Amino acid sequence: QDSVLVVAVPRVWENRLDGSWEAVAGLDWIYAGDQCPFQPIMDELFAQYGTVAQKRVHSNHDQTRFELVRAGVGVSLLEQSEAQHPDILIYDLPPMTCPLWLVYPAYRQYDPLVQVVVEAITNHSNFD
C-alpha cells in the first residue's frame, strides 16, 4: 500500500500564497533528509517545476515536521492523513504516493513476534 503525500503549508502563511507553484517553492521548506523516502519525492517535485527548495530546517522525524509546519516554521511533505489540521493548508497539487514497506531480517521470518506484527498489519490495512 502506498502512503499519500501532500504539500503542507502553515496556515499563518496563507497570505504568502498566490496560487502559483513559484510562491510555494519560494517559501522555507523543512528538509526530510536523505534517509527519508519522502525526500526523493520532494526533489522530483521541484525538478518537475524547474525549481529548487529553500531548505531551511532539517528533520528526520515525521511528527517533528508536522509540528514545525503547524508552528509556521516551514513547508513540508506530510502524509495526507497527518496533514488534516486547522493550522495546516494543503497546497492544491495532485497527491503524491510513497510505497510503504515492512522490512525485517529473513532469518526472523518465523519469529512469533514478527509473525504477529505482519498479521496485525495485513489484517488492519489494505496490504496484499
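Laboratory data are not the source of any read-out in this text; all were calculated from the coordinates shown. Please read these numbers as outputs of a predicted model, since none were measured by experiment. Cβ sites come from the backbone with ideal geometry, for glycine too, and all protein chains shown count toward neighbours.
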For the chain, longest principal axis from Cα atoms; helix 112-123 axis from its Cα atoms; angle between them, nearest 10 degrees, is 50 degrees
Karplus ³J(HN,Hα) for segment 83-99 (6.51 cos²θ - 1.76 cosθ + 1.60, θ = phi - 60°; Hz, whole; x = Gly/Pro) runs 7, 7, 8, x, 8, 10, 9, 9, 5, 6, 10, x, x, 9, 10, 9, x
With the label point 7 Å along the Cα-to-beta-carbon line of residue 113 and a cut-off under 13 Å to each amide N, the hits in segment 52-80 are none
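Could you calculate the FRET efficiency of residue 87 with residue 62 from 1/(1 + (r/R0)^6), where r is the beta carbon distance between them and R0 is 22 Å, rounded to 0.05?
0.85
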Ranked by GNM mean-square fluctuation in the chain (Cα springs under 10 Å), the top entry among 56, 70, 108 is 108
Nearest 10, in degrees from 0 to 90: the angle of helix 38-49 to the longest Cα principal axis of the chain is 40 degrees
With R₀ set to 41 angstrom, the calculated FRET efficiency between the beta-carbons of residue 55 and residue 121, to the nearest 0.05, is 0.80
Correct response: the longest run of the chain lacking exposed chymotrypsin sites (Phe, Trp or Tyr not before Pro), defined by DSSP loop and at most 14 other Cβ within 10 Å, is 1-100
Expressed as a whole-number percentage, the relative contact order of the chain with C-alpha contacts under 8 angstrom and at least six residues apart is 40 percent
A correct Karplus calculation of ³J(HN,Hα) over segment 19-34, with 6.51 cos²θ - 1.76 cosθ + 1.60, θ = phi - 60°, whole Hz and x for Gly and Pro, returns x, 9, 5, 4, 5, 6, 4, x, 6, 6, 10, 9, 7, 7, x, 5
Distance in nm between residue 80 and residue 102 label points, each 7 Å along Cα→Cβ, equals 2.3 nm
One finds, for residue 48 and residue 17 with R0 = 22 angstrom and r their Cβ-Cβ distance, a FRET efficiency to the nearest 0.05 of 0.70
